[in-house]
Amino acid sequence: MSLLQPGEQSPDTERMFDTDTKAMGYLPNYTTLYAHSPAAYAAWQQLNGAVKAGMELRRYELATLAAARPCAVTVPMTPRPSR
């Protein structure tokens, strides 16, 4: 199995792609990666939701950036929408 190749098309992967495209306006790379294992994607979404639920959005964003920095992960630095 190559993770660089698209996952098999199935009703689950189509639902994942449609849901994320509608929610974000584009299809994130991680959704394509998780198409190889829709069950893993569902588990990751549940974990991510549980982590986010326990903190304010700003704290979550700062923790994400702090965790990514030592890994030399580049993230787009776009401003958050104001409320």
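In order along segment 22-30, phi translates into HN-Hα couplings of 5, 6, 10, x, 7, 9, x, 4, 5 Hz, rounded to whole numbers, per the Karplus curve 6.51 cos²θ - 1.76 cosθ + 1.60 with θ = phi - 60° and x for Gly and Pro. Label-to-label distance for residue 24 and residue 69 is 2.4 nm, based on points extended 7 Å past Cα in the beta-carbon direction. Computed from phi, the 3J(HN,Hα) profile of segment 54-64 under the Karplus parametrisation 6.51, -1.76, 1.60 (θ = phi - 60°) reads x, 8, 5, 4, 4, 5, 4, 4, 5, 5, 5 Hz, with x in place of Gly and Pro.
FYI, it's all coordinate maths here, none of it is from the lab. Remember, it's a predicted structure, so these values are computed and weren't measured experimentally. Don't worry about glycine lacking a Cβ; one is built from the backbone with ideal geometry, like all the others, and counts go over all protein chains shown.
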